[in-house]
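Below is one structure, written out as structure tokens; comments come after it.
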Amino acid sequence: MAAAFAQPSTKADKLLTASLDSIMAAEFKANEPGAVVIAVRKGQVIYKKAAGMADMELNVAIKPDMIFRLGSITKQFTAVAILQLAAQGKISLQDDIKKYMPDLPFTETITVEHLLHHTSGIKSYTDKPDFFSNLRLDKSPMEVINLTSKDSLEFKPGSKWDYNNTGYVMLGYIIQKVSGQTYEDYVQQYLFKPAGMTNSYYGSEKRIIPNRVKGYGKAGTNFLNSEYISMTLPYAAGSLLSTVEDLWKWNKALYSYRLIKKEWLDRALTPYTLPDGKSTNYGYGLSFANVQGSKTIEHGGGIPGFSTDAVYLPKEDVFVAVFSNCECKSASDPTAKIAAVVIGKPYNFNAVTLTEADANQYQGVYENETGEQRIIKWAGGKLTSKRGDAAPMAIKASGKDQFFFENSLTTVTFLRNAAGNIEALVLKGRAVESTWKKSAKPVDAATAAPSIIKVDAALLADYAGNYALAPEFILTITVEGNQLFAQATGQGKLEVNALSNTRFKTKGVDAVIEFFQDANGKTESLKLFQAGREMPAKKQ
């Protein structure tokens, strides 16, 4: 039975619909790969629409009930299956995983809970250099697990958090071994069926699945059919297919305790705390952030051809999901923007005029708790934010003491003391918040343009390689002569110049790349600083 859909009748309903239509129109074009969105408030579907093309070659438009790959949204299904088996006494979350996979060579104790939390220390198979060469190969779950089983642990289990697809493949294997069913059959019988999800499937490229959309990628300005991937690879970490309405049915069943009891769901919704006291903002297959200060339970997915995101705001009882059939378009920002409108806290990114006199009060050198500097300066008719030796980025005013980074949901709020003087700024993203106190240091001395230096050729060669910003989004670093270049998936190659031996600035784009080395002096990761965000990426 289809969900009841409330047609806009009041002026407020029509304004909300118009706002959501505007977000969708800005994000997804009619003649390109597009998306489906659903917004549900207090059990009532208040918005459900599609935009863009389901099949560009056949000129078929997307319809609201079409089926998409979920990607890593799959992980919450796997986690709930584990909790169902734990509730039946068939699994303990503190079991050593070698109880189920005795041939694993690890000497450290790794528990089922470590896998759920992404704190196992096992290397993720999607981080392996040869991952993309395996995309077309069908593999059993143990064959996928063995892609990294002989690699050393990257850290002591429980000591760090690192997103890990191998862990969720292992959980799927445990489900099979304990239940005596395939992962596909278990999910269908104990998750899809009781949740009423009649349009959801385990992924298969051979099976005929009515209303399934095609997936796309992008190279420069050209759209391409997405890379083929055997769905045996993502398996319990990302293999499921669904519609936005079925995912809402799942959300409703989960939070009404029809799938697991409250005591078990509460455990899934408890973020893991690291030994240093910092929260990972991740539970069992679900992460935690906020939309305009309202707490969210959420997860996204990225898999060849698709980007998905789903957010639940428990206090407001609002659920929003956006499924896109292009890996080139993140579903995360439109999901958050739509949720913000639905709860009556829209992101106000309408820039207001800022005069130089107004801007002068914000100028200064701001420092965080580690002593790192962020310089706010009026230059070239705009206010800019510059972190360390990164390129300055424009921040635009949206109101008194309120600013935003363009093409980002990150905001800057300046704080005043009792005398009305600026004393700090708060940088706020969806999952992180940091405070920077204004110092007495002069701006001009701190903002001198960093000089470009030469870096040893051997060090440049060590930086070369592929870095996974996300499973489907790779930053490739190459060396030509003595020049470093960076190229992201679907984008052009950029010249990269050294500010220091480890920090580099991209030419023509306001971004900085910092490289990090292991104890042996070999490059193991980088961090991309762009548009107010910090994006870590491990070397493959």
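Structural remarks
- Linear extension gain, K527 paired with T107, 0.36 nm per residue minus alpha-carbon span: 148.1 nm
- In order along the range 428-444, the phi-based Karplus estimate (6.51 cos²θ - 1.76 cosθ + 1.60, θ = phi - 60°) of 3J(HN,Hα) comes to 10, x, 6, 10, 10, 8, 9, 10, 10, 8, 6, 9, 8, 6, x, 5, 4 Hz; Gly and Pro are listed as x.
- Positive-pole candidate from A457, M231, Q76, dipole of the chain, charges at beta carbon: Q76
- Computed from the alpha carbon positions, the gyration tensor of the range 309-423 leads to an equivalent ellipsoid with semi-axes of 31, 17, 15 Å, biggest first.
- Taking the range 457-539 as the region of interest, the number of lysine pairs whose Cα atoms are within less than 19 Å, with members eight or more places apart or on different chains, is 12.
- Which of W378, W248 has the fewest Cβ neighbours within 10 Å, and the rest in rising order: W378, W248
- Computed over the range 457-539, the alpha-carbon pair-distance distribution with 5 angstrom bins reads 3, 15, 29, 31, 16, 5, 1, each value a whole percent.
- The magnitude of the dipole of the range 356-446, with charges of +1 and -1 set on the Cβ of Lys/Arg and Asp/Glu and taken from the Cα centre, is near 120 debye.
- In Å, descending, principal axis extents of the Cα set of the range 1-157: 63, 40, 29
- Label-point separation, N482 to K507 (7 Å along Cα→Cβ), nm: 1.4 nm
- DSSP bridge analysis restricted to the chain gives an antiparallel fraction near 95%, rounded to the nearest 5.
- Positive-end residue of M535, G420, I145, charge dipole of the chain with Cβ unit charges: G420
- Rounded FRET efficiency, nearest 0.05, which uses the C-beta distance separating S204 from Q181 and R0 of 22 Å: 0.85
- About its Cα centre, the dipole of the range 69-342 is roughly 440 debye, where the only charges are +1 on Lys and Arg Cβ and -1 on Asp and Glu Cβ.
- Legend: ranking of residues F323, F414, F155 from fewest to most surrounding C-beta atoms inside 10 Å; resulting order F155, F414, F323.
- Built from the Cα atoms of the range 356-446, the convex hull projects on average onto 6.2 nm², one quarter of its surface area.
- Residues whose placed amide H lies under 5 Å from that of L484, excluding near-sequence neighbours: V496
- About its Cα centre, the dipole of the chain is roughly 1060 debye, where the only charges are +1 on Lys and Arg Cβ and -1 on Asp and Glu Cβ.
- Among D333, D21, a tally of other beta-carbon atoms within 10 Å of each Cβ gives an order, fewest to most, of D21, D333.
- Computed over the Cα atoms of the chain, the ratio of the radius of gyration to the Kirkwood radius (Rg/Rh) comes to 0.96.
- Positive-pole candidate from A397, Y366, A440, dipole of the range 356-446, charges at beta carbon: A397
- Length gained when the stretch K98-Y257 is fully extended (0.36 nm per residue, less Cα-Cα span): 54.2 nm
- Note on the range 59-121: Kirkwood hydrodynamic radius from all Cα pairs is 14.2 Å, rounded to one decimal.
- Remark: the range 69-342 projects, on average over all directions, an area of 14.8 nm² (convex hull of Cα atoms).
- Estimated purely from DSSP H runs of n ≥ 4, each contributing -39500 (n - 2.57), the mean residue ellipticity at 222 nm for the chain is -5500 deg cm²/dmol once divided by its residues.
No lab work stands behind these numbers, since they all come straight from the coordinates. A quick note: this is a predicted structure, and the numbers were derived from the prediction, not measured. Every residue, glycine as well, gets a Cβ built from its backbone with ideal geometry; the counts of neighbours run over all protein chains shown.
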